[in-house]
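A short write-up of the structure that comes next.
The values are calculated or read from the model by the stated rules, or taken from the named source; none is laboratory data. What you are looking at is a predicted structure, and each value in this text was computed from that prediction instead of being measured. All Cβ positions, even for glycine, are placed from backbone atoms using ideal geometry, and neighbour counts span all protein chains on display. When the accessible area is computed, the model is the full protein with side chains, heavy atoms only, and any ligands, DNA or RNA have been set aside. Shrake-Rupley method; radii C 1.70, N 1.55, O 1.52, S 1.80 Å.
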Amino acid sequence: MAYQFSDATVVNIIDENERVKRYFIKVPDEVPFSFKAGQFIMLDLPIASKYTNRSYSIASPPSDDNIFELCIVLNDKGLGTPYIWEHYQIGTTVKISKVLGKFQLPETIDRDICFIGTGTGVAPLRSQILDILNKGIPHRNLYLVFGNRWEKDILYRKEMEGLQEKFPTCKFLPVL
């Protein structure tokens, strides 16, 4: 499948740990950009590969500032993430696809939701949880079961613990 790509700019990078970085990317203001929590984009990378595009789930909730977050783990044996680690800096122009994916919340949330993920797989789950809470979407209990090998690898830990304290319906369950 051929994708169309447009330019966007890296506006911030947070080194989450030695293997994970959070990239904040801004689509130009004049370009309409919106997404639903749980969706992803493709990055087109100038790498020596038959397939040069890589998919990454959006980790941030929808907003109206044309900025979204990607949470990316380094794969030493891959071609894509080593390129990103070496070349993406604040101010770098990147090629992004339109928003893709159907992993979205139901219109009405009338039962408990149990989100289960590991590592950077938490990205679309975080987007969905924050979207529910930010918009005040009626819901029952939200459980995030988040598996990691080591305690140091629990991404967004302070944020999730804070949400659990602030919202009684939000339950954060890290598993090692």
Exercise. In the stretch 94-109, what residues are more than 15 Å from the chain's Cα centre (by Cα) and surrounded by fewer than 10 Cβ atoms within 10 Å (Cβ to Cβ)?
Worked result: Pro106, Glu107, Thr108
Exercise. In the stretch 74-105, what count of residues is obtained for those that are touching a helix residue (DSSP H, G or I) at 6+ places or on another chain (Cβ under 6 Å) and either without any contact (Cβ under 8 Å) to a residue 12 or more places away in the chain or assigned to a strand (DSSP E or B) (or both)?
Worked result: 1
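Taking into account only those residues within the stretch 63-73 that are part of a loop (DSSP other than H, G, I, E, B) and of a type in the set (D, E, K, R), which is surrounded by the most Cβ atoms within 10 Å (Cβ to Cβ)?
This residue is Asp65.
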For this session: Collect the residues in the stretch 34-62 that are of a type outside the set (Lys, Arg), in a loop (DSSP other than H, G, I, E, B) and free of Cβ contacts under 8 Å to residues at least 60 places away in the same chain, keeping them in residue-number order.
Result: Leu45, Pro46, Ile47, Ala48, Ser49, Tyr51, Thr52
Exercise. Are there any pairs, at least 6 apart or on different chains, whose C-beta atoms fall under 9 Å, with the first in the stretch 141-160 and without any contact (Cβ under 8 Å) to a residue 60 or more places away in the chain and farther than 13 Å from Val122 by Cα and the second part of a strand (DSSP E or B) and aromatic (Phe, Trp, Tyr), and if so, which?
Worked result: Leu142/Phe115
Exercise. Under the condition of being surrounded by 15 or more Cβ atoms within 10 Å (Cβ to Cβ) and of a type in the set (D, E, K, R), which residue from the stretch 110-140 is farthest from the chain's Cα centre (by Cα)?
Worked result: Asp131
For this session: Mind listing just one residue for me: the one in the stretch 141-176 that is in a loop (DSSP other than H, G, I, E, B) and of a type in the set (Ser, Thr, Tyr) and, of those, most open to solvent (accessible area, probe 1.4 Å)?
Result: Thr169
For this session: Starting from the stretch 1-29, keep only residues that are within 23 Å of Leu155 (Cβ to Cβ), then list their pairs with residues that are among the aromatic types (Phe, Trp, Tyr) and part of a loop (DSSP other than H, G, I, E, B) whose Cβ atoms are within a distance under 6 Å, requiring at least 6 positions of separation or different chains.
Result: Val10/Tyr88
Exercise. Pro138 passes all but one of (1) within 22 Å of Phe40 (Cα to Cα); (2) outside any helix (DSSP H, G or I); which number fails?
Worked result: (1)
